[in-house]
Amino acid sequence: MQKSRGAGRPVPMPFVARRAELRELERLLGSAAAGHGEALVLDGEAGIGKSTLIDTAVGALEGFEVLRASGAEFEQDLLYAVLHQLCAPLLDYRLNLPAVQRRALEAIFGLAGSLSPDQLTVNLAVLGLLAEAASERPVCCVVDDAQWSDEASRKVLVFVARRVTAARIALVFAARDVRSLAGLEGLPRLSLSGLEDEDARALLGATVHVGVNTEVTDRILAEARGNPLALHEFAHEAEPFGVTRHHRVHASVLEALEQQFIHRFEQLPDATRMLVVLAAAEPVGDLSLLRRAARLLGSDPADLVHAENAALLTLGPRLRFRHPLVRSVVYASATSGVRRRVHGALAQATDSEADPDRRAWHRAHSVTDADEQVATELEDSADRAYNRGGFGAAAAFMERASQLTPAREAKVRRLLAAGLLRLRAGAPTAARELVAEAERHCLNFRDRAAADLLRARIDFQISHTLRATTTLVDVVGRTAPDQAPETYLEALASFMYNEHQPGRLRELATRIRDQSPRGPSARPCELLLDGLLDQTMLPVKQAVPAMRAAVESCRAAPRATGPWRNLLCQLVIDLRDDEAMVEIPDRQVEVARRQGALASLPQALRYQAIARVSVGLFDEAAAMLGEARHIDEAAGTPPLVGPELVHAAFRGDVDRFRELQSLLGSGGRPFEIAGEYYANAVLNNGLGNYGEALGSALAAQCRHQAGSYTIWAIYSELVEAAARAGRGEDAATALHHLEALAMANPLPWAVAEWRQAQALLGHDVDRDMMHRAAIDSFAETRVRVLHARARLTYGEWLRREN
């Protein structure tokens, strides 16, 4: 027998058509039962038969765990509302999941105080939860009215839908139109249109038990336009014994159906109409909650039977409306006063401990005037949503809180807080509108500064132009000095690898230095900022001390965290510190894994992979790069390819290199100019294409001289390419850079590269001695790849010298 923990929906009409679509749905469910999970989106207009098709297929299942949820307009801003309906019956399975995933589930379901679970961790946790359930019996997840599902739930379920091919899990979404629903539009889709005339007549014949005349039949068919729900409803509106129903002209079938349901609703007794509006405002269909709320309104819950007799809803374990359209038209047709009354009753009937957010949301819809108590509750809900990783839901709560706030200063503060949350949720345009609304009030100095900073951050997120970046730098330095170091590092990072106009990075660095003069620095991020500014603005010899101070400070503070630590990894590589190059990314990866910080893990893995390439562990590097790529793809982030280019270059994999190179700048990816120049020089030096390698290296050097960032390792590649191409004069600047680095930073790796350059160019030195000295210095490091290249170069020189 079917085991279903989700409440069933009434089958509104006999199933007499769509046999091919039913077979496709049955095939999908059979495939899932056999261990080959699939997902499917059924789309079509309201009443087209999506729910009937699903009910028919699911109703025939045996041995399945059937989970159902339904989106509702009212709950679109409630965090994980659909996911709660769908997965709450399975929560016991969380105990079998990894600790980080278990904590994430407990956070989003409000079972523990864990803060801000990473989106990818939540995705994996839900996938794991369903997989655990599927290990006992196949699982079928049905999401009706997906067009009204909350964004957080939809993101998770789309992630799961793309990863069930090896599990006994089927996901079926029903939506009116998926084109505007991110994620759903990319899933396999089965679109339902109006029935053909023959099927429409068959359905009409099965629906009407008393004969109607031909004129009525033709009119029903014409007005319904093949919509099964319309056929069913219009047929029952026809008078018995063939009397023609009153003819109305409607712009659409949807409008006709709405009028039909409104008319039926208006025929109910007054007391029942209030109860039906109450039910429409409570999407979960919790009968015990509805009974409590009904009594608060002075109504008898038993009166709902009149609505059931009118075929508007069904009473059972949960209250279900005849069709989602019924719920929406009932709620929309009620007066604002009635809606406020039912929301007030629902708020009062909702347990403030078990479901404080839904209670606050009902309260927000029950008042018209400003109410600080309700606004405070909404702000508390915003904080909870934020701590559970739901920036969009938090923004919705905070925005509504601002609308209900009586005091001007508190209103402005909440508007700006909502704007920042909208920005973090990836909606900069909405954030800008909230800033503009706040600015319509008289702002005090603090609020003016906060508004300026938020507007600057919005412009920076929309367009990482120099103007937007320098404006952000100016504003944060003036208004939020405590946030300045991290913001400045973010600004530098936006230009370092992807600067199209050489020299702009130096302009930006100069501006930041003017805003943030060097002073006593205690925090690692401040020392890192000093090191990067010096690296950008000063000659090598003068830049090295601050760079080394940053490295030592961060190594001494292993618990210091933040996205800025990825910049430290690059700084270490430029300093040619092989120990720190391995140690720091390894630590980054370990911390990210332990904390479940999947947002920062991919870049840490990429730097870890670069370190493995340098020490000759190419297969380990490939595994790390693959993991980073998979995490980005799962999170919907275009993967960076620069480190993969470096990996392919050192392996001499030309095909893979060209494939990766074609991805630069596409699909939302940055161009990664600095990484491409370096990788191209490495690849072509390895292939013996010294002219092409030299061209890339000289282009990178030119950008560096103009004030752009260049990976310092390019200078060793430039020297080798110039020497092999017989153009030693082109390597003068590179040789000077390598000498200055070795003198200021006499680590074995830096010294080895300088000696190697001297040996290759042969300017007034004992080349045999320099080759041997370079090999000896490389032997003191972990960089086996460069050690091997130095030995090869020496052997080739010995052969040429006979």
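Go through (1) surrounded by fewer than 24 Cβ atoms within 10 Å (Cβ to Cβ); (2) touching a residue at least 60 places away in the same chain (Cβ under 8 Å); (3) not acidic (Asp, Glu) for LEU83 and report which single condition fails.
(1)
On the given criteria, is MET13 out of contact with any Phe, Trp or Tyr (no Cβ under 8 Å at 6 or more places or on another chain), at pLDDT below 85, more than 26 Å from ALA230 (Cβ to Cβ) and outside any helix (DSSP H, G or I)?
When the stated conditions are applied, MET13 does not pass them.
Within region 604-699, considering only helices (runs of 4 or more DSSP H) that don't extend past its boundaries, which have at least 1 residues that are without any contact (Cβ under 8 Å) to a residue 60 or more places away in the chain, under 25 Å from THR121 (Cβ atoms) and under 31 Å from the mean Cα position of the chain (by Cα)?
Of the helices (runs of 4 or more DSSP H) lying wholly inside region 604-699, those with at least 1 residues that are without any contact (Cβ under 8 Å) to a residue 60 or more places away in the chain, under 25 Å from THR121 (Cβ atoms) and under 31 Å from the mean Cα position of the chain (by Cα) span 618-635, 642-651.
Please go through (1) at pLDDT 85 or above; (2) outside any helix (DSSP H, G or I); (3) buried (at least 21 other Cβ atoms within 10 Å of the Cβ) for GLU62 and return the number of the only condition it doesn't satisfy.
(3)
Is region 171-185 home to any residue that is among the charged types (D, E, K, R), crowded, with 22+ Cβ neighbours inside 10 Å, modelled with pLDDT of 75 or more and in the same structural domain as ILE48 (by TED's automatic domain parsing)?
Within region 171-185, none of the residues are among the charged types (D, E, K, R), crowded, with 22+ Cβ neighbours inside 10 Å, modelled with pLDDT of 75 or more and in the same structural domain as ILE48 (by TED's automatic domain parsing).
Only one of (1) closer than 28 Å to HIS343 by Cβ; (2) touching a helix residue (DSSP H, G or I) at 6+ places or on another chain (Cβ under 7 Å); (3) crowded, with 22+ Cβ neighbours inside 10 Å fails for SER51. Which number is that?
Here SER51 meets the rest and fails (2).
Which condition breaks for ALA20 when tested against (1) touching a residue at least 24 places away in the same chain (Cβ under 8 Å); (2) under 22 Å from LEU229 (Cα atoms)?
For ALA20, the failing item is (1).
Quick one: is VAL164 modelled with pLDDT of 90 or more, in a loop (DSSP other than H, G, I, E, B) and either hydroxyl-bearing (Ser, Thr, Tyr) or under 20 Å from HIS36 (Cα atoms) (or both)?
yes
Could we say that ALA131 is touching a strand residue (DSSP E or B) at 6+ places or on another chain (Cβ under 8 Å) and without any contact (Cβ under 8 Å) to a residue 40 or more places away in the chain here?
So ALA131 passes the test.
ALA271: at pLDDT 50 or above, farther than 25 Å from LEU195 by Cβ and of a type outside the set (Phe, Trp, Tyr), yes or no?
In short, yes.
Which of the residues belonging to region 289-345 are among the hydroxyl-bearing types (Ser, Thr, Tyr) and part of a helix (DSSP H, G or I)?
SER328, TYR331, SER333, SER336
Being more than 23 Å from the chain's Cα centre (by Cα) and either closer than 22 Å to GLU151 by Cα or free of Cβ contacts under 8 Å to residues at least 60 places away in the same chain (or both) is the filter here, so list the residues in region 61-73 that pass it.
LEU67, ARG68, listed by residue number.
State whether the residues of region 78-91 include one that is part of a loop (DSSP other than H, G, I, E, B), modelled with pLDDT under 90 and on the phi < 0 side of the Ramachandran plot.
Scanning region 78-91 turns up at least one residue that is part of a loop (DSSP other than H, G, I, E, B), modelled with pLDDT under 90 and on the phi < 0 side of the Ramachandran plot.
Before we move on, is ILE458 under 19 Å from the mean Cα position of the chain (by Cα), under 20 Å from ALA493 (Cβ atoms) and either buried (at least 18 other Cβ atoms within 10 Å of the Cβ) or free of Cβ contacts under 8 Å to residues at least 12 places away in the same chain (or both)?
yes
If a residue must be closer than 22 Å to ALA546 by Cβ and surrounded by 18 or more Cβ atoms within 10 Å (Cβ to Cβ), how many such residues does region 715-738 contain?
3
The values are calculated or read from the model by the stated rules, or taken from the named source; none is laboratory data. Predicted, not measured: the structure shown is a model, and the values here were computed from it. In this analysis, Cβ positions are derived from the backbone assuming ideal geometry, glycine residues included, and neighbour counts consider all displayed protein chains.
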